[in-house]
Structures are given as C-alpha cells and as structure tokens.
Amino acid sequence: MSHQPPYRASAVPAGPGDAGFTLIELMITVAIVAVIITVGVPSLTEFVAMQRVRTAVSDTMADIAFARAEAIKESRPAIMERLAGATGTWKDGWRVCVDIDNSNTCTAAEDRKRTEAFGGRVRVCSTATDFDNRIIFRPDGRVSRPNAPGANDGLKVSDDLGDGVAGNDFIRSIVIGISGRPLVIKQDAHTSGGTLCP
C-alpha cells in the first residue's frame, strides 16, 4: 500500500487578465441591465393592472351569477347590494342576500355572501342608475328594475394606471341584460364607449 501525502493546493500567481471584471465590462453590464429595466417595468406595470381588472371582473361576474342562482334556487328575489364605504361606489364591496322579507334590501339574517373592497387603483361603478346601489334578481332569474333597460347597463371595472394617459386605461363593462345573464365588454383605452369609473 502506497502512502500519498495529503492534497495541497498550489498557489498560482494571478496574471493581469485574471483579476476580475474590468471597469468597461462592468459599465456595459450595468447599461444592459438599465435598458432591460427601462423596457420591462412599464410592461410589467400594465400587465399587473390588466390582471387586477380581469380578477375584479371575474369576481364580480361570479357574484352576479351566484345572486341569480340563489334567486332561482330559493324562488325568492335575490339582491346584490353594494356595501357602504369611503367611495360610495361598488368598489367598497357588496353582499348577496335572498330577500326573505320582500323589503328590496339586505338584512344580516338574509346574507349569503359578502365580497370586500378591491384594493389599489381598481374601481367598480354602475353604468345605470337602477344599479347604483343594488341589483335585484326575480325568482325566475331575470333582473327587476324600475326603468327601461339600456344597451350597456350594468357594472364597470376600470384601472387608469395613475398616469393620466387615456391610451393605456383598462376598462371592462359587465352588461346585465333583462335576462340577468352578464356579458363582459372590453373597452380598453376608451374604445366602444368606455369611460373610467369616477
């Protein structure tokens, strides 16, 4: 059996090219990172805003469908009613109830579901005075309203990105027809008659 001495690292003197990054290489790397951040951050901001609007629309549509289904299931009027809050709009959140006492308002005993306020710049508002405070579904699932329906009556979800540029606003209208079935219309950058919620 041969006996070998323990391994020893040999010290190799560093040459002039082995000292690390040069100042030029470091400056080029920083410049490339700066360009990537400059291009990527606005796109990321728009992507996040668009996703917030889509999520808010999805949550709102689900609650509209839930209220309509509760009306049909219980054979009683169901109400989706906005909660009182700081903005005085649907952004403050809402609740869904079955109107057992036929008062056209929700009481705590009648509540079925509650959705809290959306955070950030996302705003939710009504597009018709009939829907300023509540949406009432009849036992057959149709919408009960005192006024004649308009073409785009319902709720609207918007995010203006906080930059004052109308060309990159994200707007979705949830149109609630007389049948009670919701439909989403994309109105980004104020297309198809889209306007921001106040």
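The values are calculated or read from the model by the stated rules, or taken from the named source; none is laboratory data. Predicted, not measured: the structure shown is a model, and the values here were computed from it. Because the Cβ atoms are built from the backbone with ideal geometry, glycine has one as well, and the counts that use them run over all protein chains shown. Please note that ligands, DNA and RNA were not included when accessible areas were found on the heavy atoms of the full protein model with its side chains. Shrake-Rupley method; radii C 1.70, N 1.55, O 1.52, S 1.80 Å.
The table below gives the values:
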| read-out | value |
| --- | --- |
| Cβ-Cβ under 9 Å pairs, at least 6 apart or on other chains, region 119-146 side at positive phi, far side part of a loop (DSSP other than H, G, I, E, B) and of a type in the set (Lys, Arg) | GLY141/ARG181 |
| Leading residue by the ranking (most open to solvent (accessible area, probe 1.4 Å)) among those in region 157-188 that are out of contact with any Lys or Arg (no Cβ under 7 Å at 6 or more places or on another chain) and among the charged types (D, E, K, R) | ARG181 |
| Any hit, region 95-105, residues being closer than 15 Å to ALA56 by Cβ and either open to solvent by less than 30 Å² (accessible area, probe 1.4 Å) or touching a Cys at 6+ places or on another chain (Cβ under 6 Å) (or both) | no |
| Extreme residue, farthest from GLY167 (Cα to Cα), among residues of region 34-58 that are loosely packed, with under 14 Cβ neighbours inside 10 Å and at pLDDT 90 or above | SER58 |
| Residue count for region 132-156, restricted to those that are farther than 23 Å from GLU74 by Cα and open to solvent by 30 Å² or more (accessible area, probe 1.4 Å) | 7 |
